[in-house]
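The values are calculated or read from the model by the stated rules, or taken from the named source; none is laboratory data. All values derive from a computational prediction rather than experimental measurement. All Cβ positions, even for glycine, are placed from backbone atoms using ideal geometry, and neighbour counts span all protein chains on display. Side chains included, ligands, DNA and RNA excluded: accessible areas come from the protein's heavy atoms. Shrake-Rupley method; radii C 1.70, N 1.55, O 1.52, S 1.80 Å.
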Amino acid sequence: MASDPAFLFYSQDFFLGTSTLTFEDRGKFITILCVMHQKGRLTEETISFIVGNISFNLKSKFSIDENGLWFNKRLEIETEKRNKFTESRCIV
């Protein structure tokens with residue numbers, strides 16, 4: 001779960017990575033990423049509650065862990081990188 005209110009957003013990567021999604025799925029994707037950033041990995045039930053129907057193409061943007069929770073590898077990598085950067089800038 002993130003306490004940081006932000007994550008880096010790479011517009012070119014997002015645009016290229018979502019070019020095969022419908023506009024509706026792009027909106028659902030960024031919504032899910034925002035919720036995951038704040039709450040962590042999610043159940044399929046929670047994702048369906050948040051965005052409704054989940055298409056096959058949208059599902060392909062996520063992985064499922066051993067507990068059945070959905071996550072996005074890139075989001076987790078970028079969140080961890082930002083956490084490490086922020087920690088390196090903190091003066092104790």
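Things to note:
- Probing with 1.4 Å while keeping every protein chain in the model, the per residue accessible area of the chain equals 70 Å².
- Chymotrypsin sites (Phe, Trp or Tyr not before Pro) restricted to DSSP loop in the range 1-82 with at most 14 other C-beta within 10 Å: Phe9, Tyr10
- Entry note, the chain: the mean residue ellipticity at 222 nm calculated from DSSP H runs of n ≥ 4, each adding -39500 (n - 2.57), is -17000 deg cm²/dmol after division by the residues and rounding to the nearest 500.
- Computed from phi, the 3J(HN,Hα) profile of the range 6-23 under the Karplus parametrisation 6.51, -1.76, 1.60 (θ = phi - 60°) reads 9, 9, 5, 10, 9, 4, 5, 4, 5, 4, 5, x, 10, 4, 8, 8, 5, 4 Hz, with x in place of Gly and Pro.
- Contact order normalised by residue count of the range 1-88, Cα under 8 Å, 6+ apart, percent: 35
- When you filter the GluC sites (Glu not before Pro) in the chain for DSSP loop state and at most 12 other Cβ atoms inside 10 Å of their Cβ, you are left with Glu66.
- The range 1-52, accessible surface, carbon-and-sulfur percent (1.4 angstrom probe): 62
- In whole angstrom, the range 1-79 maps to an equivalent ellipsoid with semi-axes of 17, 17, 11, each derived as √(5λ) from the alpha carbon gyration tensor and ordered largest first.
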